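Encoded as structure tokens, the structure appears first; notes follow it.
The values are calculated or read from the model by the stated rules, or taken from the named source; none is laboratory data. Predicted model only: the values in this text are computed from it and were never measured. Cβ: placed from backbone, ideal geometry, glycine included. Neighbour counts: every protein chain shown. With ligands, DNA and RNA removed, areas are computed over all heavy atoms of the protein, side chains included. Shrake-Rupley method; radii C 1.70, N 1.55, O 1.52, S 1.80 Å.
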Amino acid sequence: MIGGLFIYNHKGEVLISRVYRDDIGNRRHAVDAFRVNVIHARQQVRSPVTNIARTSFFHVKRSNIWLAAVTKQNVNAAMVFEFLYKMCDVMAAYFGKISEENIKNNFVLIYELLDEILDFGYPQNSETGALKTFITQQGIKGQHQTKEEQSQITSQVTGQIGWRREGIKYRRNELFLDVLESVNLLMSPQGQVLSAHVSGRVVMKSYLSGMPECKFGMNDKIVIDKAGKGGVTDDVAKSTTGKQSIAIDDCTFNQCVRLSKFDSERSISFIPPDGEYELMRYRTTKDIILPFRVIPLVREVGRTKLEVKVVIKSNFKPSLLAQKIEVRIPTPLNTSGVQVICMKGKAKYKASENAIVWKIKRMAGMKESQISAEIELLPTNDKKKWARPPISMNFEVPFAPSGLKVRYLKVFESKLNYSDHDVIKWVRYIGRSGIYETRC
Amino acid sequence: MTDSKYFTTTKKGEIFELKAELNSDKKEKKKEAVKKVIASMTVGKDVSALFPDVVNCMQTDNLELKKLVYLYLMNYAKSQPDMAIMAVNTFVKDCEDPNPLIRALAVRTMGCIRVDKITEYLCEPLRKCLKDEDPYVRKTAAVCVAKLHDINAQLVEDQGFLDTLKDLISDSNPMVVANAVAALSEIAESHPNSNLLDLNPQSINKLLTALNECTEWGQIFILDCLANYAPRDDRESQSICERVTPRLSHANSAVVLSAVKVLMKFMEMLPKDLDYYGTLLKKLAPPLVTLLSAEPELQYVALRNINLIVQKRPEILKHEMKVFFVKYNDPIYVKLEKLDIMIRLASQANIAQVLAELKEYATEVDVDFVRKAVRAIGRCAIKVEQSAERCVSTLLDLIQTKVNYVVQEAIVVIKDIFRKYPNKYESVIATLCENLDSLDEPEARAAMIWIVGEYAERIDNADELLESFLEGFHDESTQVQLQLLTAIVKLFLKKPTETQELVQQVLSLATQDSDNPDLRDRGYIYWRLLSTDPVAAKEVVLAEKPLISEETDLIEPTLLEELICHIGTLASVYHKPPSAFVEGSRGVMHKRLPARTGSGESTESPDVGTIAGGSGTETAPSIIPSQGDLLGDLLNLDLAPPTTTGPPPPTSGMQMGGMDLLGGGLDSLMGDESEPLGGDIGGSAAMGAGFGAVPAVMPASLNAPMGGGLGDLFDLGGGVGMPLGAYIPPKTVWLPAMKAKGLEISGTFARRAGVIQMELTLTNKAMSVMTDFAIQFNRNSFGLAPAGPLQVLSPLSPNQTIEVSLPLSTVGPVMKMEPLNNLQVAVKNNIDVFYFSCQYPISMLFVEDGKMERQVFLATWKDIPNENESQFQIKDCHLNSDAASNKLQASNIFTIAKRTVEGQDMLYMSIKLSNGIWVLAELRVQTGNPNYTISVKCRAPEVSQCVFQCCEAVLKN
């Protein structure tokens, strides 16, 4: 299991060090080994797992902070990384951004957390909701609790529903559902889709009283086909959903969702954590609506000039508006000057980023726009050709490019007297660009 | 609140100040001071001097302060064990606290204080906490048992904590169950044979129930534990799989990978025609793909595992090629792994897409990645025949870019393509030759030279090209030198008229001016071949090459099986078994996939004897045929080695002659296994035979007619690398003249430069001349067999004695003998066949690479059961331990470590036998006592006695 955990700043100075096991030997040695071989390594490290003198180091970086887990055993590597991410989440939930200053300001708290969420190198309950009930920055709460409160805390930390405490009350029962999708594309210069997929997340903010039982439904092809067979005709199914169903390649759920029930009935039922959390993630590859199409044209005029023309076309309902559109056209390293003409928005050559950045605030569906640029090059005797990185795009659209629709989210709370109808529900769809690239 | 100020105190006299503050009456001041202490501790300052002052702060109601003090205790208790006792009382008191959080905190911290004296006091509180009414305390206590076991395993057993821990598996609280499973799994790892976890269908059922209810981490513990269970039959296996599959939708990648591990393992047991088997295969693909949208570090872990899964069950992901396409801003470690998997998944169906991608990658910036991409194109060509042409043209395009490392990489892979599809793409050679000058890496140069040599007949200026390389021959790396030697010999055999000078030049460069034994040997072999039998040389050098395999870099199947059992863990990331990177006994236990029930597929390892032998194509030369005339004539000109003064060495035809005569009688005695002797020179000659092949042509008799420079050189070569002589027993008479019609044979065995020699003295005590000697062995325990014919070249006249040295190989047929080192020999001459038996010292079979790594030694020593250990006394030996060690080392008995305990030197030694058996030994030498004690441990205890005799003989001589 995990033998120790270190946090370093960008210079390699250690901010936090907690050793769980003796087998990693001298603390200083391990701390230094990682600094010397990874943080200060002359060459960029080529793997997030490094073995130095029979000791394995796992590291992740958050801005310029290094988090490293150390072990001498054959640990579950996936678990170690998941734990490191989780630790970042927990710290962020307690004190915001993970920075050197914040870590120094909260080092006592971090040690307290590390003591709680990792015991002898075994990860323990690390749900912030539960942790916040008994690890507080005041640290004195322990004394003033009643016996009932104490046992409530411990049963929550160890219990089946570790993510929610009992006795939550809201005057207004309300929930927000955000369907956040990021659409990824890799397209050839000729316009052929090399790969495309949507990775989506359903994020829920719940402000519900008691221990509500929820059931979530969407236009999942398997569910709708099953319903079709079960007596309801296809027409009915279509009329109720309005839109066709979508094929979900795979999905994963927050730990509150009953997986065995999903496996057998494909129904998504759960008792939600309080506040904001990610209910599910999913991935689709079929029938994706690609909101934009990029048509590049690059022409080399002699050895010192490059002509670039890029057309973008929006491909969605004209009534919808895309926002925050940004097209990034890479330029060669030996660029000396750039002249740009664009029909819409603003375009700028950014020498430090080796790219022309073209920004458009808003663009409606079924429109098209164009930019053309002349790039002057310095003559070089470098034999190596310019690698021509792909043209990338960023945008935000108010629909789900996968076609996913929320059909229902039902709330049942038998003990308290509010029903599904009393809950105020909000649904929002946001499609963003993931890695959206066209080769040129 | 800003705690960062504690990091900035660097004043002198700081410890003093802190001491004062720690002893202050004000609570707040105390707390501040402890915080400062912890901050100093974190940045690496030694604050152990404050131990008593900090411990004094422990008795407090303030939970935060208490936790800080505990943190300090965990760090420094070990360095101040006596003072740590001061803390015990508070711990014991805290374990009775009404607040469960404080009870748990106390028991958790106590387990982290690794001081022996404290553990005694820990037992009672721990026992109570294991039965605490509060689940939070119980789950903490469960882990504490593992902590205590790590400090004092015996204590845990004696106190019966293991049974209590087992009971916790049936606890009502899922988290308690999960932690108990984790603790038991860890304890079980250090007791490989105990039945600690005692997994049975009932307990498995409990685990599966808890699986649905516990935290994500708990699910991982339980799944990893489940993976060690061996279901009784395919039904049980299926029902477990059914209950594990829902985990594939968990958001935590580690839960998913651990579930994949369980499924991959238990799937082995399902019959393939079962519907469920197909369903399961289909269910595995999507979650694996989803792992690729996780954070890059996890992607890396996932990709390393997918690499294994794809090798084990390619069908799972065969349609998912696209998801492994590299993204422009993937971190380099993800890119390289994706590329590997792309090649494994490449097939006729997707090759067009793959190639287009690879071509794209070959223009990227990262050099390693580009190289790998170019190499991948070559591998696609070899793997998918239909694509070969397209791959070759892609490679040519890349060569045109003139980017140096791209060109070199392309040439290396084109060489392999030529090997796979001979006589198909040679039209590209011209393009390759244009780039000759830009090649500066050995591998690329060697590949190019190979191409020139192989296709010498089609390259007009092949001789010029090769000659240009020859100029800087001694500056080249060995790889290039060897390749150049072979290429020029090939060229010579193809165009003998024009290249004589060149071949002489390279042969003399290789044999006379080089210090490299490999190069020299290869040079001599070619020289000898060319000068004795050019036709045979042609057959050997220009022999048809075996096809190269389609898949490269495949992990060896048994290792793959083991790694599949370790999916998700570090072993699967490193692609190494845990024993390769984990110290001590923990995790060294090898895991295996379960066998399919019902079907009787036995995968016995093939007989040792049959593996070897089959390497060489038989190249017994025919009597010089007429077609080789021209070549033969040319060679007769002046190709004999310059140093030879005597007549040319005997032709191989004659050497073989003796063997043929052996024929009937001996064969019927020996059974049907008589191997063609000396047949392996041909097969290995082209591949750079090392010492192994040399003795086969070694003229050993001292008074043989040639005995010229060549022979001397060989003798010299034989002596290199063995400065300290290994022990050689004196010669004894094996076959008295009385029994053998006047032929007396005495002999001994020796090991010189890694080659086993049988040294014989043949004396003719009869009246008539003896000729036509030959020798044959019966099957024996270690597969000893003559590696060449018995070289008695001239007839043995009456009263003459000759010394013959016969090289032996260990690849002959194996049969266990009694005693183990017994060897039955048949010798034939023109008079009769004689039989005798002799015993060889087992030290002859100790190979040179028998030095074990210390860690491996330790692990192996522990691993071999104690009943295999035998102890012997060596009496009257007056060496000190160092001299003994040196002496033993000379006979390939390697000392790995030396330890001195109470005036007794303990030497730990390892030996490897030629058949791969390891023998470990411990030699105890007491100063002033001439009697040594040696303990020998080996998986095959039969050899112990022999090994002991040998050590004794070595030490006493």
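Remarks
- For the stretch B:469-538, alpha-carbon Rg and Dmax in angstrom: 11.2, 33
- Listed residue pairs exceeding 21 Å between alpha carbons, taken from A:K97/B:K338; B:K359/B:K402; A:K215/A:K415: A:K97/B:K338
- Number of partner chain Cβ atoms within 10 Å, mean per residue of A:104-111: 6
- Surface share of carbon and sulfur [accessible, 1.4 angstrom probe, percent] for the protein assembly as shown: 50
- Extending 7 Å from Cα along the Cβ direction at B:E867 and again at B:E501 yields two label points whose distance is 7.6 nm.
- Cross-link reach list, lysines versus B:K30, counting only Cα pairs under 24 Å and skipping chain neighbours closer than eight places: A:K104, A:K141, B:K5, B:K11, B:K12, B:K19, B:K45, B:K66, B:K67, B:K78, B:K93
- Structure-based [θ]222 nm, the protein assembly as shown - -39500 (n - 2.57) summed over DSSP H runs of at least 4, per residue, nearest 500: -12000 deg cm²/dmol
- Dipole magnitude of the protein assembly as shown about its Cα centre (Cβ charges: Lys, Arg +1; Asp, Glu -1), debye to nearest 20: 6280
- Alpha-carbon centroids, the stretch A:258-313 and the stretch B:225-269: separation in whole Å: 31
- Rg/Rh for the stretch B:845-956 (Cα atoms only, Rh after Kirkwood) is 0.93.
- Distance between the 7 Å Cα→Cβ label points at A:Q370 and B:D849: 6.8 nm.
- Kirkwood hydrodynamic radius (C-alpha pairs) into Stokes-Einstein, the stretch B:732-840, 10 °C and 1.306 mPa s, D in µm²/s: 112
- At q = 0.12, 0.13, 0.14 Å⁻¹ the log10 of I(q)/I(0) for chain A amounts to -1.22, -1.28, -1.30, computed by Debye summation with a single uniform scatterer per C-alpha, solvent ignored.
- Buried on assembly, the stretch B:153-184 (at least 40 Å² less accessible surface than by itself, 1.4 Å probe): B:M175
- Here the peptides A:262-270, A:109-117 are ranked by packing, the mean other Cβ count within 10 Å, and the order with the highest first is A:109-117, A:262-270.
- Gain on full stretching of the segment that runs from B:E471 to B:Q512 - 0.36 nm per residue minus C-alpha separation: 13.2 nm
- Listed by chain and number, the lysines whose C-alpha is less than 27 Å from the C-alpha of A:K346, apart from same-chain residues fewer than 8 away, are A:K305, A:K309, A:K313, A:K317, A:K324, A:K359, A:K361, A:K367.
- Near B:I459: Cβ cut-off under 11 Å, other residues only, Lys/Arg at +1 and Asp/Glu at -1. The net charge is -3.
- The protein assembly as shown: translational diffusion in µm²/s, Stokes-Einstein, Kirkwood Rh over Cα pairs, 10 °C, 1.306 mPa s: 42
- Buried area at the B-A interface (accessible, heavy atoms, 1.4 Å probe, summed, Å²): 8800
- Peptides ranked, highest mean first, by Cβ atoms within 10 Å: ranges B:392-403, B:179-190, B:554-565: B:179-190, B:392-403, B:554-565
- Contact order, relative form, for the stretch B:441-543: 25 percent (alpha carbon pairs under 8 Å, 6 or more residues apart, mean separation divided by residue count).
- Modelled FRET efficiency - R0 22 Å, B:K206 with B:D163, Cβ distances, 0.05 increments: 0.85
- Taking every residue in B:294-305 and counting other chain Cβ atoms within 10 Å of its Cβ, the average works out to 5.
- Peptide B:557-568 has a mean shielding of 1, counted as Cβ atoms of other protein chains within 10 Å of each residue's Cβ.
- Distance from the Cα centroid of the stretch B:322-357 to that of the stretch A:206-223 is 38 Å (rounded to whole angstrom).
- Centre-to-centre, using Cα atoms only, the stretch B:509-561 and the stretch B:179-222 are separated by 54 Å.
- Enclosing the Cα atoms of the stretch B:329-433 in their convex hull gives a volume equal to 87 cubic angstrom per residue.
- With the highest mean first, a sort of the peptides A:210-216, B:34-40 on other beta-carbon atoms found within 10 angstrom per residue produces B:34-40, A:210-216.
- Proximal aspartates and glutamates relative to A:K410, as straight alpha-carbon distance under 14 Å, when same-chain residues fewer than 8 apart are discounted: A:E174, A:E213, A:D420, A:D422
- Where a label projected 7 Å from the Cα of B:A543 along Cα→Cβ would reach, residues of the stretch B:457-494 with amide N under 20 Å: B:482-494
- Taking all protein chains into account, the per residue accessible area for the protein assembly as shown stands at 43 Å² (1.4 Å probe).
- Take the Kirkwood radius over Cα pairs of the stretch B:2-142, plug it into Stokes-Einstein at 37 °C and 0.692 mPa s, and you get 210 µm²/s for translational diffusion.
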